[in-house]
Amino acid sequence: MNKQEAAEFLNIGVRSLERYMSQGRIAYSRQRGKTGEVVVFKNAELERFKEELHSVTHQGAIEQVRQGSSSSSSQMVTSSQIMAEVGESLINISEGIDALLEAIKELTVKIPVESKPLLTLAEARQLSGLSRQYLLQAIKGNQLKGQLLGKAWRVKRKDLERFVGKLF
């Protein structure tokens, strides 16, 4: 039987058959054909592999020995019980992470905008009530001193107060 026929017999693709061949799960031999070497499979080998391929590998329950009881006994635990325990553990982990994040938020020191000497444009907008576009035009028109640090503009608080004072 050649590769194509063997793949059809096993109800798999030729590439899957080649992968099983490279893994050594299917025995095969090579014979000389008209145009080169041809891979040939024995029917008994294909029958054996078909049974292996389509056999049930999941039993639906896992035997697990639980320790900690007075006598160590073997209990059958179903996969749904295991999944329930895993889900419960994940919920506990999630709650712990949430609590940790809240603790980190409380530990971070927040400096009020009013006490910062150097402001971002967003903070300058909060204090002055002016739009971002207006502040950028003022910086580019040399009416307000600003410095581009990386990709963000920074403005000194004193310069912003002088600029706002000159507006009115």
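Nothing in this text is a laboratory measurement; each read-out follows from the coordinates by a stated rule. No experiment lies behind these values; they were computed from the predicted model shown. Cβ placement follows ideal geometry from the backbone for every residue including glycine, while neighbour counts extend to all protein chains displayed.
Scanning the chain for long hydrophobic helices, with DSSP H runs required to stretch 20 angstrom or more by C-alpha along their axis and to average at least -0.5 on the Kyte-Doolittle scale, returns 79-107. Toward the positive end of the charge dipole of the chain, with +1 on the Cβ of Lys and Arg and -1 on the Cβ of Asp and Glu, the farthest Cα among H54, I139, V14 is that of I139. Springs between Cα atoms under 10 Å define the GNM used for the chain, and in it the highest mean-square fluctuation of T35, T78, T120 occurs at T35. The helix-based estimate of mean residue ellipticity at 222 nm for the chain, built from -39,500 (n - 2.57) per DSSP H run of four or more residues and divided by its residue count, is -16000 deg cm²/dmol to the nearest 500.
Fully extending the segment from Y134 to E102, taken as 0.36 nm per residue of separation minus the present Cα-Cα distance, adds 7.8 nm.
Take the alpha carbon gyration tensor of the range 109-168, find the square roots of its eigenvalues, order them as a ≥ b ≥ c, and report rounded if a/c is under 1.5; if not, report prolate when a/b exceeds b/c, else oblate. Here the range 109-168 falls in the oblate category. Here are some values of Cα extents along the principal axes in Å: [x] 49, 45, 26; [y] 67, 41, 35; [z] 97, 69, 19. Which one was computed from this structure? Looking at Cα extents along the principal axes in Å for this model, the match is [z].
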